[in-house]
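Participant: Supplied in structure tokens, the structure appears directly below.
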Amino acid sequence: AYISYTSEPARAFLFPRIISTVFVVLALWTFGKAVLGKTKVGIGLSAEALRNILPGLVVALVYVFWAAQALGFYTASGIAFFLLLSLYDPAPHDAVRTWVKRIIVTAGFVAVMYCLFALLLNVYTPREIFL
């Protein structure tokens, strides 16, 4: 959120600014409800749930704090999506067919991201390492 409000050109950051503002407001609202004890949903995080979440959290943290800037938005998004898909896909990991499916789905995801952000919305993204 901070970068979208402080970077230039301002027009290029309009979409990220709107999205980041909405998510910051939702996060603060949820945090406030939790602190005030207004939310009575769930029983907390079990060790099993934490083990399931941890690999995805590590991938997300590496993506946010390093990969997107170092590798570029589309390259890092493709790698992160492929890793998350490989981690959480219940299909067997020893079959070539499932790896081909994962690669095709990842390529489709990156193509949709490119069409959406670069062509349709004209949003500035971090420079690509391969371009």
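Every number here is computed from the coordinates shown, using simple stated rules; none is lab data. Please read these numbers as outputs of a predicted model, since none were measured by experiment. A quick note on method: Cβ atoms are made from the backbone with ideal geometry, for glycine too, and the neighbour counts reach across all protein chains shown.
Participant: Rounded, prolate or oblate, given the Cα gyration tensor of the range 45-131, with a/c below 1.5 counting as rounded?
Facilitator: oblate
Participant: Report the extension gain between D89 and V123 in nm, rounded to one decimal, defined as 0.36 nm multiplied by the number of residues separating them, less their alpha carbon distance.
Facilitator: Working it through step by step, the gained length comes to 9.2 nm.
Participant: Efficiency by 1/(1 + (r/R0)^6): what FRET value for I19 and V112, r their Cβ-Cβ distance, R0 = 22 Å, to the nearest 0.05?
Facilitator: 0.85
Participant: Full extension from N52 to K38: what is 0.36 nm times the residue separation minus their Cα-Cα distance, to one decimal in nm?
Facilitator: Extending this stretch completely gives an extra 2.3 nm.
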